[in-house]
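Please find one structure pasted underneath; my questions will follow.
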Amino acid sequence: MAENAEIDSDSALLLSAEIEQLEIDLFLDAVYKQYGYDFRHYAKPSLHRRILNCLAREKKQHVSDLIPCILHDEFFFDRFLQDMSVTVTSMFRDPELFRLLKELVIPKLSTYSSINIWHAGCATGEEVYSLAILLDEAGLLDRCRIYATDYNNDSLKLARSAIYSLSHFDEYQRNYILSGGERRLADYYRTNNKSAIFSPALRDKIIFAHHNFMKDGAFAQMHLVLCRNVLIYFDSYLKERALKVLQESIIPRGFFMLGDRESLDCTTESDAFERVLQDVNSIYRKKLF
């Protein structure tokens with residue numbers, strides 16, 4: 001009897017999980033058909049966690065209860081998009097990688113008369129301004145056009161404003177020094193109450209734009225592309241699609257930078273690139289052919 005009860009319990013849990021997955025599939029179909037955002041190829045553990053967070057915030061019992069919200073509540077999708085957006089970022093995040101960028105990549109960029117850079121998945125923009133500072137210190141910023149993209153319009157709005165809370169700037173100053181910064185980080189912003197406002201000299205070189213890896217294509221003729229800590233949230237299909245878009249954007253001998261937990265190993269685009277340093281997974285250079 002106890003064994004049968006255990007089997008019945010396992011079967012009930014399996015059925016419950018299958019129903020929940022069906023509800024998630026239907027909900028994501030509704031999101032796609034209503035708004036054109038296709039989250040069906042996000043990595044399942046992250047996707048499941050974010051949808052359950054949304055469910056708790058909306059005080060709903062079942063994922064299927066969110067479908068009427070998508071169809072009839074014009075403000076719900078914006079809230080859901082915030083749940084899906086990954087906005088974990090900071091100035092000079094992973095300073096060792098920024099130091100390698102400064103030492104190994106930026107000197108190579110200096111050989112071009114004009115430089116195109118795409119920062120894909122820029123979130124709220126702190127890392128884009130970090131890159132602009134390094135380029136300025138190398139004397140290259142005036143030659144650069146930096147395209148910074150994300151699918152979250154609220155994040156892009158904050159990035160365009162160039163206004164950030166001062167609460168983290170002690171940490172940012174330390175990261176800046178570890179990245180090889182040559183001045184003071186405070187030289188690049190002014191303060192207003194509890195906020196830092198970055199210099200127009202930096203802001204004017206950055207074009208913030210909406211881009212969605214789920215449906216949008218490549219940017220042309222990029223000398224450097226950064227897509228850091230974005231691909232880890234995609235399943236294999238969407239990861240390969242994104243990598244194809246990114247690879248097609250980079251000129252021969254152009255550079256590609258991933259996050260510290262990412263690499264091109266075992267991907268369809270790996271043959272198009274070579275590592276800049278053999279023991280560093282995150283910085284690549286595109287082969288001539």
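Can you give the calculated 222 nm mean residue ellipticity of the chain, where each DSSP H run of n ≥ 4 adds -39,500 (n - 2.57) and the sum is split over every residue, rounded to the nearest 500 deg cm²/dmol? Walk me through the numbers before you get to the answer.
Details: 11 runs with 123 residues, N = 289.
Calculated at 222 nm, the ellipticity per residue is -13000 deg cm²/dmol.
Give me the one-decimal nm value for the distance between modelled label points at Glu171 and Asp78, 7 Å along each residue's Cα-to-Cβ direction.
Placing both labels 7 Å beyond Cα along the Cβ direction yields 2.7 nm.
What is the extension gain from Asp216 to Cys266, computed as 0.36 nm multiplied by their sequence separation minus the C-alpha to C-alpha distance, in nm to one decimal?
On the way: separation 50, 0.36 × 50 = 18.00 nm, distance 2.38 nm.
Stretched fully, the Asp216-Cys266 segment lengthens by 15.6 nm.
What is the chain's relative contact order, in percent, from Cα pairs under 8 angstrom and six or more apart in sequence? Please list the in-between numbers first.
Details: 412 pairs, mean separation 47.8, N = 289.
It comes to 17 percent, rounded to a whole number.
Along each of the three principal axes of the Cα atoms of segment 95-286, give the extent in whole Å, ordering the values from largest to smallest.
Sorted from largest, the Cα extents of segment 95-286 read 49, 33, 30 Å.
Highest mean first, how do 101-110, 222-231 rank when packing is the count of other Cβ atoms within 10 Å averaged over residues? Before the final figure, lay out the partial values.
Values: 101-110: 16.9, 222-231: 23.5.
Highest mean packing first, the order is 222-231, 101-110.
So the label point goes 7 Å from the Cα of Lys60 along Cα→C-beta, right? Which residues of segment 142-161 then have their backbone N under 15 Å from it?
None, by backbone N distance to the label point.
Can you give the % of DSSP beta bridges in segment 95-286 that are antiparallel, to the nearest 5?
On the way: 13 of 32 bridges.
Percentage antiparallel, nearest 5: 40.
For a protection proxy built on the mean count of beta-carbon atoms within 10 angstrom, sort 241-250, 184-193 highest first, please.
Details: 241-250: 19.8, 184-193: 13.2.
Final packing ranking: 241-250, 184-193.
Using label points projected 7 Å from each Cα along Cα→Cβ, tell me how many nm separate Gln34 and Ala138, to one decimal.
Roughly 4.5 nm, to one decimal.
Further question: Could you check the simple spin-label distance between Arg145 and Glu182, using points 7 Å along Cα→Cβ, in nm with one decimal?
Placing both labels 7 Å beyond Cα along the Cβ direction yields 2.6 nm.
Computed from the coordinates by the stated procedures, all read-outs in this text should not be read as laboratory data. In this text, all values refer to a predicted model and were calculated from it rather than measured experimentally. Note that we place each Cβ from the backbone using ideal geometry, even for glycine, and neighbour counts take in every protein chain shown.
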